[in-house]
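The structure appears below as structure tokens.
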Amino acid sequence: MEFMTSKEAAQKWNITQRRIAVLCSENRIDGVEFIGNMWLIPKSAHKPEDGRITRFDPPADMPVKPFLKWAGGKSQILNDIRCKYPAALGKSITKYAEPFVGGGAVLFDILSRYDLKEVYISDVNRELIATYMAIRDNRVELIDTLKSLEKQYLPVNEQIRKEIYYASRDRFNVLKATGNEPVELAALFIFLNRTCFNGLYRVNSHGAFNVPQGSYKNPTICDEANLLTVSEKLQKVTIVCADYKESQSFIDEHTFVYFDPPYRPLTVTSNFTSYAEGGFGDKEQAELARFIDEMSGCGAYIIASNSDPKNTDKNDDFFDKLYSKYRIMRINANRSINSVGNSRGKISELLICNAFGGE
Ligand SMILES: C[S@@+](CC[C@H](N)C(=O)[O-])C[C@H]1O[C@@H](n2cnc3c(N)ncnc32)[C@H](O)[C@@H]1O
């Protein structure tokens, strides 16, 4: 019989060597041999189906939730957005695109409620997109790795938690820089998101993730049931790390597109400059508006979100001008206005839509 090493098997089956060792020691692969200190796997062996997947039987109507906390997440105003979904969604509108997907609150709502033919998501955050892909393509390994992080982190005292957090952050940055071990990177991405300060994602000038540890007593690190459901729902989804403009080739008259770009910062002064974190300033907002015009011209149904400049300057009609052809709705959101201190309270946000019917 011809054999392959665990490294070769890992490459062939697109899983980690650690997973191969677990499968061998659980007698899940016929004919393996342990020689010296390594596993040898028959070349004719098939990748074992994972027991966890066959055991997990999510109810058909189990809703799927975002697996991350994400700045600008839309869970809070989802009801308002949902009211504006096109009535033809799931009928003549068979495609959905979310080119600034982030944590995907709207995406997961749509995937829970509609069985669409094609779904496209993108974001410029490479590690975020790698995590969506790992959940779709390597869920078992991802959940294993995340569970082992959870097992290390939850039972120990504050000092050891701190050491684990910063060691994980260092390891994440090494993988981020090298592009190695995408599944481990994805597990660390979720782990850091659940345990860092406010679920923030921020990098320094060298591109290293630098958010400090948060102070959650009992964070949910591995929500296995939801991750498996997310994975099921993502099977048919096209996941792309790209600028939003790349979605153009996907969008047509059968597509509903939700645009949720980085918000234009609110300002208390009228001499606002176009600087914004992540390079999304006024020039980029105007460019996006032109892109939306083009996609609207193709017959796509469009909703876009943004901040409402009138919260802090009633004369600021930046978006009213930019989207004068569209229906602009102001909805209440419970967010803080950073530029005027951290006071939380009801402020309004914009929902911009290219259809004028109904409410
Ligand atoms: C407001 S957040 C989206 C939040 C998301 N709707 C949610 O519910 O979590 C904006 C996202 O746009 C991404 N982004 C920024 N510039 C982009 C670009 N040019 N093309 C695509 N995505 C971009 C950011 O990485 C970020 O994840």
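Tabulated data
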item: Condition broken by H254, with the remaining ones in (1) at pLDDT 95 or above; (2) farther than 30 Å from I292 by Cα; (3) away from the ligand (no atom under 16 Å from the Cβ) satisfied; result: (2)
item: Output for the range 68-99, where each listed residue is surrounded by fewer than 17 Cβ atoms within 10 Å (Cβ to Cβ), more than 15 Å from the ligand (Cβ to nearest atom) and of a type in the set (D, E, K, R); result: K91
item: Residue ID - surrounded by the fewest Cβ atoms within 10 Å (Cβ to Cβ), chosen from residues in the range 112-129 that are aliphatic (A, V, I, L, M) and within 13 Å of the ligand (Cβ to nearest atom); result: V124
item: Pair list, Cβ < 8 Å and 6+ apart or interchain, from the range 290-302 residues that are closer than 12 Å to Y326 by Cα to residues that are of a type in the set (D, E, K, R); result: D293/K325
item: Enumeration of residues in the range 235-249 that are over 19 Å from E294 (Cα atoms) and within 13 Å of the ligand (Cβ to nearest atom); result: I239, V240, C241
item: T229, sole failed condition from (1) more than 16 Å from the ligand (Cβ to nearest atom); (2) surrounded by fewer than 17 Cβ atoms within 10 Å (Cβ to Cβ); (3) of a type in the set (S, T, Y); result: (2)
item: Exclusive hit being at negative phi and touching an Asp or Glu at 6+ places or on another chain (Cβ under 8 Å), set V230, V237, V183, V156; result: V183
item: Criterion violated by V340 - all others in (1) at pLDDT below 95; (2) β-branched (V, I, T); (3) under 28 Å from the mean Cα position of the chain (by Cα) satisfied; result: (3)
item: Residues (closer than 25 Å to I93 by Cβ, part of a loop (DSSP other than H, G, I, E, B) and within 27 Å of the chain's Cα centre (by Cα)) located in the range 300-326; result: A300
item: Number of the condition not met by G103 [criteria: (1) away from the ligand (no atom under 11 Å from the Cβ); (2) among the small types (G, A, S); (3) touching a Leu at 6+ places or on another chain (Cβ under 6 Å)]; result: (1)
item: Residue pairs meeting the criteria (Cβ under 6 Å; at least 6 apart or on separate chains; first without any contact (Cβ under 8 Å) to a residue 12 or more places away in the chain, in the range 136-149; second surrounded by fewer than 22 Cβ atoms within 10 Å (Cβ to Cβ) and part of a helix (DSSP H, G or I)); result: none
item: Residue list for the range 169-189, filter: assigned to a helix (DSSP H, G or I) and either among the charged types (D, E, K, R) or not assigned by TED's automatic domain parsing to the domain that holds D144 (or both); result: R169, D170, R171, K176, E184
item: Residue within the range 210-223 that is touching a Pro at 6+ places or on another chain (Cβ under 9 Å), in the same structural domain as I143 (by TED's automatic domain parsing) and free of Cβ contacts under 8 Å to residues at least 60 places away in the same chain present; result: no
item: Residue match in the range 190-211 (condition: in a helix (DSSP H, G or I), more than 19 Å from L68 (Cβ to Cβ) and at pLDDT 95 or above); result: no
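The values are calculated or read from the model by the stated rules, or taken from the named source; none is laboratory data. Note that this is a predicted model, so its numbers are computed, not measured. Virtual Cβ from ideal backbone geometry, glycine too; neighbours counted across all protein chains shown.
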